[in-house]
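Asks: Here it is, the structure, as structure tokens.
The values are calculated or read from the model by the stated rules, or taken from the named source; none is laboratory data. The model shown is predicted, which means the values in this text are computed figures rather than measured ones. Cβ placement follows ideal geometry from the backbone for every residue including glycine, while neighbour counts extend to all protein chains displayed. In case anyone asks, the SASA skips ligands and DNA or RNA and just uses the protein heavy atoms, side chains included. Shrake-Rupley method; radii C 1.70, N 1.55, O 1.52, S 1.80 Å.
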Amino acid sequence: MKHPVISLLTDFGSSDHYVGTMKGVMLGICPTAQLIDLTHETPAYAIAEAAFALAQAWRYFPKGTVHLIVVDPGVGSSRRPIIAEAEGHRFVAPDNGVLTMVFDKVKNCSVREITASGFFRKPVSQTFHGRDIFAPVAAHLARGIAPARLGKRIQDPVRAGFARPVQKAPNHWSGSILKVDRFGNIVTNFVSETWRHLAARPFRMKINRHFISRVTANYASAKPNELFLIEGSSGYLEISARQSSARDQTRCSVQTPIDLLLL
Amino acid sequence: MKHPVISLLTDFGSSDHYVGTMKGVMLGICPTAQLIDLTHETPAYAIAEAAFALAQAWRYFPKGTVHLIVVDPGVGSSRRPIIAEAEGHRFVAPDNGVLTMVFDKVKNCSVREITASGFFRKPVSQTFHGRDIFAPVAAHLARGIAPARLGKRIQDPVRAGFARPVQKAPNHWSGSILKVDRFGNIVTNFVSETWRHLAARPFRMKINRHFISRVTANYASAKPNELFLIEGSSGYLEISARQSSARDQTRCSVQTPIDLLLL
Amino acid sequence: MKHPVISLLTDFGSSDHYVGTMKGVMLGICPTAQLIDLTHETPAYAIAEAAFALAQAWRYFPKGTVHLIVVDPGVGSSRRPIIAEAEGHRFVAPDNGVLTMVFDKVKNCSVREITASGFFRKPVSQTFHGRDIFAPVAAHLARGIAPARLGKRIQDPVRAGFARPVQKAPNHWSGSILKVDRFGNIVTNFVSETWRHLAARPFRMKINRHFISRVTANYASAKPNELFLIEGSSGYLEISARQSSARDQTRCSVQTPIDLLLL
């Protein structure tokens with residue numbers, strides 16, 4: 001790739017120098033890289049939320065992209081750094097489940113433990129593997145080294161239990177919230193494709209003390225403040241309210257359960 | 001252009017993957033693009049504030065820049081996507097008035113409705129035209145396709161009524177706030193050039209219960225905490241306070257009216 | 001440099017158009033520049049915090065990088081714009097002490113007052129030297145002009161006192177806080193190397209009404225909630241508490257003074 005792309009996803013925030021420092025390290029190794037922020041506002045240590053953001057975004061990047069994920073509560077412990085390859089994309093991350101949604105969606109995924117310390121920045125600090133391990137490895141990949149040079153294949157990368165809704169009774173599913181976006185739209189873990197029949201049948205979805213009973217095709221066709229379901233661009237059903245915040249209306253958080261009754 | 005520039009202005013915030021996703025799409029189409037964030041912290045659906053930010057910034061970019069604006073409360077409805085061309089710059093945006101301040105400032109502006117769906121990402125989602133329509137169109141423009149290939153010229157793009165101050169009486173104008181910046185400086189809608197004579201004559205400007213009666217040439221010449229008017233870099237008169245926040249002192253918001261009395 | 005790097009450090013925040021505007025100006029001058037954000041969330045006018053972020057990050061960028069720092073409470077006054085050169089890096093900043101920590105750490109640093117107004121953007125505004133002076137100068141440097149063309153060498157750049165504790169009496173030093181990190185660790189301005197002897201002698205450090213009397217080699221050797229000193233990765237002594245936040249315990253802010261008594 002003449003203009004290799006590296007996407008960055010961390011929980012470092014934007015008020016510290018950490019992300020900029022990683023970029024400085026990468027440009028020293030791969031000066032032509034296109035460094036694209038996915039987000040750095042993942043809540044600290046929130047592996048599930050990072051996994052969701054990555055799952056939403058990675059396919060929209062060009063093949064050859066290196067996705068660098070540093071949400072790493074286990075830094076300094078013995079958790080492995082890994083590289084995964086799938087559909088022409090590369091993923092560099094700690095082995096803590098943050099790639100679960102990638103593994104779930106692709107057919108063939110080669111995963112390696114990164115052991116080739118010759119590509120690390122020296123000395124490797126105890127607390128900032130983003131700068132000393134993950135960033136330089138991502139930049140070397142973007143520059144063209146073969147993943148096989150980084151370490152041996154492994155068969156047991158960590159897969160986290162990110163929920164699909166659980167069936168509680170013949171007509172009752174218990175789901176959860178994957179993400180609340182800044183507009184207050186609530187991304188559920190009901191996959192749109194699986195639940196498309198909802199639009200054509202009576203149902204009742206309950207979140208806190210609020211009920212939703214309609215799937216609409218677009219925001220404009222809803223009444224102001226009405227809560228409704230919509231097939232969001234995420235691939236999951238989203239609870240939304242027209243030009244207002246579904247989160248504020250329902251007072252939900254990422255921990256709030258969602259119940260679906262088919263009537 | 002060998003290194004085409006695309007500026008991005010949205011209300012997507014930086015904690016979601018939306019902006020990164022749009023950038024991934026664009027780099028797939030135009031790998032050499034320089035992708036520059038104008039801001040993504042525009043309050044949700046705040047067309048006027050986005051229009052102001054764009055108006056302030058666009059001329060400082062090199063000719064040939066494509067400005068991509070996605071503040072789009074009407075996504076999914078029938079509002080048109082448009083492209084405008086003025087002074088060598090291109091603007092890709094929903095037709096909702098967000099380009100009003102561009103239209104106001106330039107002499108010749110060619111505007112087209114974007115209808116050439118061959119340049120869109122398929123399938124086009126109901127909720128994320130930024131990713132599926134605006135970003136790919138901006139990237140194709142940056143790569144070199146002619147605007148004429150995107151759709152036909154229109155004569156009636158939406159122009160929003162962003163206020164200039166209204167004259168209430170021979171010596172009384174009623175104005176408004178365009179923006180409060182993070183330092184607490186209050187950008188009024190009094191155009192500096194039009195109101196330059198204020199510096200040489202007695203006046204009283206009222207905002208909440210506070211009065212300003214002086215225009216100063218620079219921050220350093222004001223007393224600490226004094227409220228004063230200054231010709232800001234915005235082209236509008238700004239209410240400022242030296243090394244403190246004019247917003248905090250006046251407890252104003254973007255909705256607060258401003259009254260000017262010539263004495 | 002074929003792909004020159006410019007790092008940006010400001011207190012402009014990310015909700016305004018200021019940073020984007022500076023980038024537009026720079027790309028007009030140096031279209032191939034890699035523009036990397038260090039941070040723009042430095043608290044307004046916080047020269048010490050900007051100096052610390054810069055000191056932590058700059059060495060991780062490739063040689064040849066131009067570091068552009070615009071934290072500039074004196075904009076519009078007569079403070080000088082300067083360029084410093086050290087170890088292959090260039091720094092463009094207002095002369096207000098923000099480069100103090102660079103000066104302290106390098107052996108040979110050439111500093112020039114920037115007077116070559118031919119490289120400025122015209123007209124130069126009173127309030128936005130970032131756009132009109134610092135950004136264009138940084139871009140011209142990135143493009144290859146020699147620093148000597150920007151102005152004459154000076155011997156008296158401002159060195160701020162925040163970088164070192166002040167000796168008040170033979171056994172009494174008065175120090176300050178450079179940064180409180182997201183875990184509540186308090187980075188003091190006591191340089192680890194200089195104060196290494198503290199570990200071997202009795203002392204009492206006071207912050208608000210709290211006392212620290214021990215330097216530990218690692219977190220594990222401290223008692224839960226005990227406040228202690230540790231050599232942080234920043235190069236400065238840090239006040240930490242095992243399994244809790246030293247900031248929350250001491251209720252300190254960046255303004256809180258620190259007193260050290262050698263016993």
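Asks: Do you know which residues of region B:166-189 lose at least 20 square angstrom of accessible area in the protein assembly compared with their chain on its own, with a 1.4 angstrom probe?
Replies: B:Lys179, B:Asp181, B:Arg182, B:Phe183
Asks: A follow-up question, please. Dimensions of region B:1-154 along principal axes (Cα, Å, largest first)?
Replies: Taking the Cα atoms of region B:1-154, the three principal extents are 36, 31, 29 Å.
Asks: Also, I was wondering about something else. Whole number please: convex hull volume per residue, Cα atoms of chain A, in Å³. Kindly include the intermediate steps, with their values, before the conclusion.
Replies: Values: hull volume 37.5 nm³, N = 263.
Spelled out: Cα convex hull of chain A, divided by residues, is 143 Å³.
Asks: Another question, then. Of the heavy-atom accessible surface of region C:157-237 (probe 1.4 angstrom), what whole percent is carbon and sulfur?
Replies: Carbon and sulfur: 52 percent of the exposed surface of region C:157-237.
Asks: Same structure again: Can you tell me the accessible area per residue over region C:200-263, all protein chains present, probe 1.4 angstrom, in square angstrom?
Replies: On the way: 3500 Å² over 64 residues.
In whole numbers, region C:200-263 has 55 Å² accessible per residue.
Asks: Probe radius 1.4 Å, ligands and nucleic acids left out: can you give me the accessible area buried at the A-B interface, summed over both chains, in Å² to the nearest hundred?
Replies: Protein heavy atoms only, the A-B interface buries about 2500 Å².
Asks: So how far, in whole Å, is the C-alpha centre of region C:108-131 from the one of region C:154-192?
Replies: 29 Å
Asks: With the label 7 angstrom out along Cα to Cβ, how close does C:Ile154 come to the same site in each of the other copies, in nm, nearest first?
Replies: Here C:Ile154 shows inter-copy label distances of 5.4, 5.4 nm.
Asks: Determine the shielding of peptide C:54-65 by partner chains: average, over its residues, the number of Cβ atoms on other chains within 10 angstrom of each Cβ. Can you show the working numbers first?
Replies: Working: counts 2, 1, 5, 11, 4, 2, 14, 7, 7, 1, 2, 3.
Rounded to a whole number, the mean comes out at 5.
Asks: Anything losing 20 Å² or more of accessible area from the isolated chain to the full protein assembly: pick those residues out of region B:203-240, probe 1.4 Å, ligands and DNA/RNA ignored.
Replies: Residues of region B:203-240 that lose at least 20 Å² of accessible area once the other chains are added: B:Ala217, B:Asn218, B:Tyr219, B:Ala220, B:Ser233.
Asks: Run the accessible area of region B:95-148 with a 1.4 Å probe and give the carbon-and-sulfur part as a rounded percent.
Replies: Values: 970 of 2090 Å².
The nonpolar share, carbon plus sulfur, comes to 46 percent.
Asks: For the cross-link pairs B:Lys63/C:Lys63; C:Lys63/C:Lys122; A:Lys23/C:Lys179; C:Lys2/C:Lys63; C:Lys2/C:Lys23; A:Lys63/B:Lys2, which exceed 20 Å when the distance is taken from alpha carbon to alpha carbon?
Replies: Over 20 Å apart, Cα to Cα: B:Lys63/C:Lys63; C:Lys63/C:Lys122; A:Lys23/C:Lys179; A:Lys63/B:Lys2.
Asks: One quarter of the convex hull surface, Cα atoms only: what value does that give for region B:194-263 in nm²? Please report the intermediate quantities before stating the final value.
Replies: On the way: hull surface 18.8 nm².
The Cα convex hull of region B:194-263, projected and averaged over all directions, gives 4.7 nm².
Asks: Name the nearest-to-axis residue of chain B, judged by Cβ distance to the rotation axis taking chain B onto chain A, and quote that distance in whole Å.
Replies: Nearest residue, distance rounded to whole Å: B:Ser14, 4.
Asks: So, counting K/R as plus one and D/E as minus one, what does the shell of residues with Cβ under 14 Å around B:His172 add up to?
Replies: +2
Asks: From the square roots a ≥ b ≥ c of the eigenvalues of the alpha-carbon gyration tensor of the protein assembly as shown, which class results: rounded (a/c under 1.5), prolate (a/b over b/c), or oblate?
Replies: Rounded is the answer for the protein assembly as shown, as its axis ratio a/c remains below 1.5.
Asks: With all distinct Cα pairs included, what does the Kirkwood hydrodynamic radius of region B:65-154 come out to in Å, to one decimal, could you say?
Replies: One over the average 1/r among Cα pairs gives 13.0 Å for region B:65-154.
Asks: Show me C:167-175, A:93-101 ranked by packing, highest mean number of other Cβ atoms within 10 Å first.
Replies: A:93-101, C:167-175
Asks: Here is a further query. Could you compute how fast region A:133-199 diffuses translationally, taking Rh as the Kirkwood radius over C-alpha pairs and applying Stokes-Einstein at 37 °C with viscosity 0.692 mPa s? Give it in µm² per second.
Replies: In µm²/s, the coefficient rounds to 201.
Asks: Which distances in nm, rounded to one decimal and ordered from shortest, link the label point of C:Phe211 to the equivalent label points in the other identical copies, with labels set 7 Å from Cα toward Cβ?
Replies: Here C:Phe211 shows inter-copy label distances of 5.6, 6.5 nm.
Asks: Could you tell me the distance between the Cα centroids of region B:193-263 and region C:45-82, to the nearest Å?
Replies: Distance between centres, Cα-based: 29 Å.
Asks: Counting DSSP beta bridges in region C:30-120, what percent are antiparallel, to the nearest 5? Don't skip to the answer; put the middle values down first.
Replies: On the way: 10 of 13 bridges.
The answer is about 75 percent antiparallel.
Asks: Have a look at region C:27-90 and give its Rg and Dmax from the Cα atoms, expressed in angstrom.
Replies: Every Cα atom of region C:27-90 included, Rg and Dmax give 13.0, 33 Å.
Asks: Report, to two decimal places, the Cα Rg of region B:99-239 normalised by 2.2 N^0.38 Å (N = number of residues).
Replies: My calculation over the Cα atoms of region B:99-239 gives 1.50.
Asks: Suppose you put the label 7 Å out from Cα in the Cβ direction; list, shortest first and in nm with one decimal, how far A:Glu87 is from each other copy's label.
Replies: Label-point distances to the other copies, shortest first: 4.3, 4.3 nm.
Asks: Follow-up question, since we're still on this one. Can you list the aspartates and glutamates whose alpha carbon sits under 17 Å from that of B:Lys152, skipping same-chain ones fewer than 8 residues off?
Replies: Reachable aspartates and glutamates: B:Glu85, B:Asp95, B:Glu113.
Asks: Tell me, what ³J(HN,Hα) does each residue in region A:189-197 have, in order and in whole Hz, if you take phi through Karplus 6.51 cos²θ - 1.76 cosθ + 1.60 with θ = phi - 60° and put x for Gly and Pro?
Replies: My calculation for region A:189-197 gives 9, 8, 5, 3, 4, 5, 10, 4, 5 Hz in order.
Asks: Determine the shielding of peptide B:35-41 by partner chains: average, over its residues, the number of Cβ atoms on other chains within 10 angstrom of each Cβ. Can you show the working numbers first?
Replies: Values: counts 4, 9, 7, 8, 8, 3, 5.
Per-residue shielding by partner chains comes out at 6.
Asks: Moving on to the next point. Counting only other chains, what is the mean number of Cβ atoms within 10 angstrom of the Cβ of each residue in peptide A:4-16?
Replies: Mean shielding count: 4.
Asks: Another question, then. Using only protein heavy atoms and a 1.4 Å probe, report how much of A:Glu85 is accessible, in Å² to the nearest 10.
Replies: Only protein atoms counted, so the area is about 60 Å².
Asks: Compute the accessible area per residue over region B:1-154, keeping the other protein chains in place, probe 1.4 Å, unit Å².
Replies: 32 Å²
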